[in-house]
Each structure stands twice: as structure tokens, then as C-alpha cells.
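To keep things clear, I will list the structure first and then write my remarks on it.
The values are calculated or read from the model by the stated rules, or taken from the named source; none is laboratory data. Remember, it's a predicted structure, so these values are computed and weren't measured experimentally. Cβ coordinates were reconstructed from backbone atoms using ideal geometry, including for glycine residues, and neighbour counts include every protein chain displayed. Accessible surface areas use protein heavy atoms only, side chains included; no ligands, DNA or RNA. Shrake-Rupley method; radii C 1.70, N 1.55, O 1.52, S 1.80 Å.
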Amino acid sequence: MAAPTGLIWRAPEATPRLRYVLRVVFSDWLGIPCQVVSAAEAAKTEVPTGWRLLAYGTEGPADLRVAYSGFLAQSSTEFILPRWDEKGFFPGEGDYPWDLPAMAFYVLTLYPLYHWPYGYDDFGLYAWHRAPFYAAPFWREPFLLKHAYALLERLGLRVERPPFRWEVGWDIDHLYQWKGRGGLRWWLGGLLRRDLPQRLEVRWKGALDPYDTLASILAAFPPAHSRFFFLLSQAHRRDSLVSPHHPDVRAWVQRLDQRGYAVGIHPSFMTCEKPHRLAQEKNLLETYLGHPVYESRQHYLRYRWPQLLHSLVEVGIQTDYTLAFPERSGFLLGTTLPVAAYDVASDRELPLKLVGPALMDQVYLRRGDVEGLERELEWLYQVVREVGGVLHVIWHNSTWARLPEAVRRWPK
């Protein structure tokens, strides 16, 4: 049997940040063990057969010299705007001319959010579009994963790429548009929006509600390609139109669960300011399901960092699907694989996995660019199929009718 291949990184210091990021990128994602040794320890370290020695900010013989910026030698959360080029952050000098550990740590921990200088948009979301690196081309691909492949190829190593699959994460903000509702707001809305006749058709004559699409979704997408996130709050005007206590909400949650679909919580608009609501909403969903809930995605993609991490861990969430760009497609986490959460402020890993969606439907639909949406979905499909991992896209039951036919025909 051939000796296992691994990587020994000779660094100025074996810091927790460096150990974390190397384990995630190479061990968690690609199954390659990594060991970090300081320059002082290197002379006493034997390189096992088949392993490779990388010089990271240190002198001496090595199989590969990786660019070193010094970023991971710091222990603060002070804001840093690194240099970048068309392929990523921290370009430098070396046989591999990017400081990949620094780049990965900066991106995977959402490091710039700890002291974010670019403000928020009208919905209270981080204003990514104001960041100087927002338009950099590397965001369009899982660039951290591609860098990991490229570095290994420089070492003469090739790894089997993770299996490719795709899934739609369905955000159920409003189970219905008009059905199951009433009251003054319902009537006034019909008058102001001039759709009262349609509302009455739904309410009194059994016409199909425009958002009543879950049966169609289930007929088209099996559990292997779908997961659902339910918004169970009316506390804010941007929350659900339908009461979380409506019997149809309970019925659909249970029906999905019984058919093998993953069901998670969609924490409401104000949960980043009032995190106690997250527990209340999750508890209600668990009451409907009869078992614990382990997945989440924030409504409107609203959160505060790193408070979100601790709020999710506190209520028992194990995987979160929030971290997507709100105004563009792309890979905010630079990968198609789950990322172990890390709080830079306390320099510790948390029992939570982060999954970064590649696209939200409203990015294109709110500006009416249906053709651009179709092209981008096909681009993302081809890119992720080549790199490996999971292509996760955000869609809504309310926009089911505008899901491109190409997506409905993706192999299942």
C-alpha cells in the first residue's frame, strides 16, 4: 500500500488561525492531512515518505515556497484591505505566488465584517457593493477551492474532486399571497394594488393563489435536490403575509418532512437585532415537525457578524445557508463545500457549518433580467460541475413560475 500523502507547512509560528485554515482547505475539503511546524521545530521534524514540505514565510529547502504576507501572524480583528488581483487576495512572491492560507482565512471567516467600514444598505444588509474588491472577477468561481487544486498540482499531486450535485434552497416567506388571509390590511391592499377581483376569486371561488406552488415544486424536484426554509413570524412588515399558526403551514411542514425533504428555519427580519426570536421561531417549527431543526437561512440574508454564529450555535443550528451576496451572484465563501465556522474575535472554531449559496433569484428578478438569470444559472452549473461540490441556489415559492426551464431540466 502506498504511503499517504500529506503536507508539512514550515511557518514562522504554528498559530491557531493557520492550523484552522489549512485543516479546512486541505483536510476537510480534500482529505489531505496537514501539519504545521515552526522554523525552530523544522530541523527536528522528519518528512514522512510521500509527504511534501512547503516553506511558508521561512527559509530552507522545501518542495514549494508559498507567498507569505504576514497576515496570519496577527492576532487582532483590525480591518485590513489586502491587495488583490484577478485570481484572489494577497498576491506575492513565491513558487506559488498567492498567500493562500491568508486568502482563505480572510474569506472563510468573513474577516472584513468584524470592523466593516462600508456601511449597510436600505435593508440593513452589509453593503458589499461598496467594498473596493466587490467587482473582482474571482468571486464568480469557487476560487479558494481552485487555488487548492492549483497549489497541489504545483507539488505534482492530484486529488479526486468532490462529487458534484446541485440543490435549490426554497425560502417560504409567504405560503400564500392572498389565500388564508383577511382583515383591513387585506382589503386595503387589494384596493391600492388594484387586484381585489383576483383576491376575491381566490378567496371565494377557489382560484389558485399565485404563491400556492409547493405541490408543483414537489412534483418537479425530489428531496435530493431541494431543501425548504420556513419563515414563521409576522412581527415585522417584511415578514410573512401568512400567520405562522395557519393550519396549512403546519400541514405543509409535516408533509415535506414525511416525504424526506430537509426542512429548516428561516429566521425573521429582526432576529439579528432581537436574537431571542430565533429560538421562538425554531421552537415553533420543531413543534410542527416533532423533532429538532438543525438548518437555517436568515430572512433577507440579514445578520450581524459574528453575532450570528453564536446565536445559531446557542439554539442548536448545525448548518447555515445565509452567506450569499445579496446583489450579485458568486461565491462569497470562495468554495462549494461546507466551511467550519471560526470566530476570529475569540480565535476559536464553533460547532457550526456554513454553506454559501451561489445565487439568489431576486438578484436578477428584481431588475427583470430573466435572460441574464438563465445565463448565470447555466454558467454556475458548468463551473461547479467542473470544480466539484454543491451548487446551492436560493429560490422562493412565490417566484416558482419564473424558474427557468433549464433548471427544471437539470439531471436528477
key: Within segment 79-122, backbone nitrogen closer than 20 Å to the virtual label 7 Å beyond the Cα of ARG161 toward Cβ   = 87-88
message = Compute a Gaussian network model of the chain, connecting alpha carbons closer than 10 Å, and tell me which residue from GLY169, GLY316, GLY260 fluctuates the most.
response = GLY260
ask   = Carbon and sulfur together cover what percent of the accessible area of segment 55-131 at a 1.4 Å probe radius?
value = 48
inquiry  = Normalised radius of gyration for segment 205-250, please: alpha carbon Rg relative to 2.2 N^0.38 Å, two decimal places.
reply    = 1.37
query = Gain in length, GLN234 to GLU327, computed as 0.36 nm per residue apart minus the alpha-carbon separation, to one decimal in nm?
reply = 31.0 nm
request  = Just grab the label-to-label distance for GLU78 and LEU191, each label 7 Å out from Cα along the Cβ direction, in nm (one decimal).
outcome  = 6.1
ask   = When the chain is treated as a GNM, springs tying every alpha-carbon pair under 10 Å, which of ALA102, ALA55, ALA43 comes out with the largest mean-square fluctuation?
value = ALA43
ask   = In square nanometres, what is one fourth of the surface area of the convex hull spanned by the alpha carbons of segment 220-305?
value = 6.0
note = Output ordering of 143-150, 206-213 (per-residue mean of other Cβ within 10 Å, highest first) is 143-150, 206-213
query = Looking at the chain, how many pairs of lysines come closer than 24 Å at the Cα, when each pair is eight or more places apart or spans two chains?
reply = 6
Potential extension, GLU378-ALA340 segment - 0.36 nm per residue separation minus Cα distance = 10.9 nm
query = Full extension from ALA14 to ARG250: what is 0.36 nm times the residue separation minus their Cα-Cα distance, to one decimal in nm?
reply = 79.9 nm
request  = Count the DSSP beta bridges whose two residues both fall in the chain, then state the antiparallel fraction as a percent rounded to the nearest 5.
outcome  = 20
note = Dividing the mean separation of Cα pairs under 8 Å (6+ apart) by the residue count of segment 129-237 yields a relative contact order in percent of 35
ask   = Does the chain come out rounded, prolate or oblate by the C-alpha gyration tensor, with a ≥ b ≥ c the root eigenvalues, rounded set by a/c under 1.5 and, if not, prolate when a/b is larger than b/c and oblate if not?
value = prolate
ask   = Solvent-accessible area per residue for the chain at a 1.4 Å probe radius, Å²?
value = 43
remark   = Placing each pseudo-label 7 Å from Cα in the direction of the beta carbon, HIS129 and ALA39 end up separated by a distance in nanometres of 4.6
task = Identify, among SER27, TRP84, ALA14, the residue whose Cα sits farthest towards the positive end of the charge dipole of segment 9-98, taking +1 on the Cβ of Lys and Arg and -1 on the Cβ of Asp and Glu, with the dipole about the Cα centre.
result = SER27
query = Once all Cα-Cα distances of segment 29-120 are split into 10 Å bins that start at 0, what whole-number percent is in each one?
reply = 13, 41, 32, 11, 2, 0
query = At 222 nm, what helix-only mean residue ellipticity would the chain give, in deg cm²/dmol to the nearest 500, using -39500 (n - 2.57) for each DSSP H run of four or more?
reply = -8500 deg cm²/dmol
message = How large a share of the accessible area of segment 146-245, in percent, is made up of carbon and sulfur atoms when the probe is 1.4 Å and the other protein chains stay in place?
response = 52
note = Treating every alpha carbon of segment 80-169 as one equal point scatterer without solvent, the Debye formula yields log10 I(q)/I(0) values at q = 0.10, 0.21 Å⁻¹ of -0.34, -1.14
inquiry  = If I take every Cα pair under 8 Å that is 6 or more residues apart in segment 321-397, average their sequence separation and divide by the length, what percent do I get for the relative contact order?
reply    = 33
task = Determine the percent antiparallel among the DSSP beta bridges restricted to segment 273-412, to the nearest 5.
result = 40
inquiry  = What FRET efficiency comes out for GLN258 versus ARG154 if R0 is 45 angstrom and r is the Cβ-Cβ distance? Round to the nearest 0.05.
reply    = 0.35
ask   = For the chain, what is the relative contact order in percent, using Cα pairs closer than 8 Å and at least 6 residues apart in sequence?
value = 16
